[in-house]
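Here is the structure we will look at, set down as structure tokens.
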Amino acid sequence: MKSLLHPKFKLNGEAFESAEALKERANHFVEKGNGDQTAIGKFILEWLDNNDFITVKTSGSTGIPKNIKLQKEHVFNSAEATVNYFDLKENTKSLLCLPAEYIAGKMMLVRAMTVGWDLYRTAPEKNPLADTDNIFDFSAMVPYQVFHSLADLYKVKKLIVGGGAVPWKLEEELQKCETHIFATYGMTETISHIAVRPLNGKEKSAVFSALPKVNFSQSENGCLQIHAPEISEETVATNDVVELISPTSFKFLGRIDNVINSGGTKVHPEAVEEKLSIHINLPFFITSEKDGALGERVILIIESEKQLKVEDYSEAFGTLSAYEKPKKIYTLSKFIYTETGKIKRAEVLKNLK
């Protein structure tokens, strides 16, 4: 494995003569910083310590958050794959605007430290570009940030978007941007993303393509299996149902544990959500409840102070098949979210009971 710290690495314009100098700055963040600055300091110290692994917390969007250990060699390989894929060499001017407590934020730091980027950090707010005049070569955001940063996206040349599905309506807005924007597919266990798809421009596609040295297969139930020896010694089995296009490309259909069997027809909530996102501007998600005739029936959960009925979205539901149409709408005044902005569906559903 190459060096954990490149001599040209800068943080907020500050260069460091040695790893010890960077550790000193990191300790200052831990002792004097607040919020995410503290998390940045702690991770820098962890990356530069004598252990051959780092500890990362999963987001908790599909279950209880847990800590997992990742080998530093695998983390380095993941960073190198992204750098090579997007041609991000030393002196790349980049923006860190994701929480450093989770894998996406940590990987921005790793790429910067190992390749020699000029990294700027800002609080992980909804529009991290609002208060800067800098033009960045590269950054990473979640869809919520992208939505609130549309007017300022010109400040980033290449942008990756992860941490959740990109709504159809937002994807349409991105066609007006000159920034090269890519959706990413990955998870903590794959050390951030292992596949990307262009969201705008001439190369826009619904198909995810693998990063270097990554291959795919499917399990018997149609779920994606990831073969990436550079980042995981074992095959990573997912709960994501896909249409496998080739050993290095796929279309995402939805999570198998979310699939609704309505009258013998399988309904993928994610596909329904994508269709409805054109018409519904409030936070929402699709799930199901038991039904005497259908077995399961589709329902719509919306974050709203107002009580809504099926009739309120008759035009929107007209774009769906008979089995996809929600048979009932439930509203909650406030959803429960993870720290990375994903809806905690299981906990939201508990509040309905």
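From the residues in the stretch 68-104 that are free of Cβ contacts under 8 Å to residues at least 40 places away in the same chain and touching a Ser or Thr at 6+ places or on another chain (Cβ under 6 Å), which one is nearest to S139 (Cα to Cα)?
Looking at the filtered set, the residue picked out is A79.
Just checking, which of A183, A195 is touching a Leu at 6+ places or on another chain (Cβ under 6 Å) and within 28 Å of K57 (Cα to Cα)?
Result: A183 is the single residue among A183, A195 that is touching a Leu at 6+ places or on another chain (Cβ under 6 Å) and within 28 Å of K57 (Cα to Cα).
Among what's in the stretch 245-263 and is touching a His at 6+ places or on another chain (Cβ under 9 Å) and part of a strand (DSSP E or B), pick the residue that is surrounded by the fewest Cβ atoms within 10 Å (Cβ to Cβ).
R255
Would you confirm whether or not the stretch 114-122 contains a residue that is surrounded by fewer than 18 Cβ atoms within 10 Å (Cβ to Cβ), in a loop (DSSP other than H, G, I, E, B) and either acidic (D, E) or touching a residue at least 60 places away in the same chain (Cβ under 8 Å) (or both)?
No.
If a residue has to be modelled with pLDDT under 90 and among the aromatic types (F, W, Y) to count, how many in the stretch 326-343 make the cut?
Of the residues in that region, 1 qualify.
What do you reckon, is E305 over 10 Å from Y330 (Cα atoms), modelled with pLDDT of 90 or more and touching a strand residue (DSSP E or B) at 6+ places or on another chain (Cβ under 6 Å)?
It is false that E305 is over 10 Å from Y330 (Cα atoms), modelled with pLDDT of 90 or more and touching a strand residue (DSSP E or B) at 6+ places or on another chain (Cβ under 6 Å).
Quick one: which of Y313, Y330, Y323 is of a type in the set (S, T, Y), part of a helix (DSSP H, G or I) and surrounded by 15 or more Cβ atoms within 10 Å (Cβ to Cβ)?
Y313
Residues are listed down the side, and each one gets a yes or a no for (1) within 25 Å of Y120 (Cβ to Cβ); (2) at pLDDT below 95; (3) in contact with a Lys or Arg (Cβ under 9 Å, 6 or more places away or on another chain):
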{"residue": "I135", "(1), (2), (3)": "yes, no, yes"}
{"residue": "Y154", "(1), (2), (3)": "yes, no, no"}
{"residue": "T190", "(1), (2), (3)": "no, yes, no"}
{"residue": "R197", "(1), (2), (3)": "no, no, yes"}
{"residue": "G222", "(1), (2), (3)": "no, yes, no"}
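Taking only the stretch 1-47 into account, find how many residues are polar (S, T, N, Q), assigned to a helix (DSSP H, G or I) and in contact (Cβ under 8 Å) with a residue 40 or more places away in the chain.
1
Among the listed residues E243, E230, E273, which satisfies the condition of being charged (D, E, K, R) and out of contact with any strand residue (DSSP E or B) (no Cβ under 9 Å at 6 or more places or on another chain)?
The conditions single out E230.
Quick test for you: out of V242, V272, pick the one residue that is in contact with a Gly (Cβ under 8 Å, 6 or more places away or on another chain), within 21 Å of G164 (Cα to Cα) and either in contact (Cβ under 8 Å) with a residue 12 or more places away in the chain or not aliphatic (A, V, I, L, M) (or both).
Going through V242, V272 in turn, the sole match is V242.
Do we have T132 as in a loop (DSSP other than H, G, I, E, B) and either in contact (Cβ under 8 Å) with a residue 12 or more places away in the chain or closer than 17 Å to T179 by Cβ (or both) here?
Yes: the conditions hold for T132.
All but one of (1) modelled with pLDDT under 95; (2) surrounded by fewer than 22 Cβ atoms within 10 Å (Cβ to Cβ); (3) not basic (K, R) hold for I103, so report the exception by its number.
(2)
Return the residues of the stretch 340-353 that are surrounded by 13 or more Cβ atoms within 10 Å (Cβ to Cβ) and either touching a Phe, Trp or Tyr at 6+ places or on another chain (Cβ under 7 Å) or within 14 Å of I280 (Cα to Cα) (or both); say none if nothing qualifies.
Passing the criteria: T340, G341, I343, K344, R345, V348.
The values are calculated or read from the model by the stated rules, or taken from the named source; none is laboratory data. Since this is a predicted model, take the numbers as computed values, not measurements. When we count neighbours, we look across all protein chains shown, and the Cβ atoms used for this are built from the backbone with ideal geometry, even at glycine.
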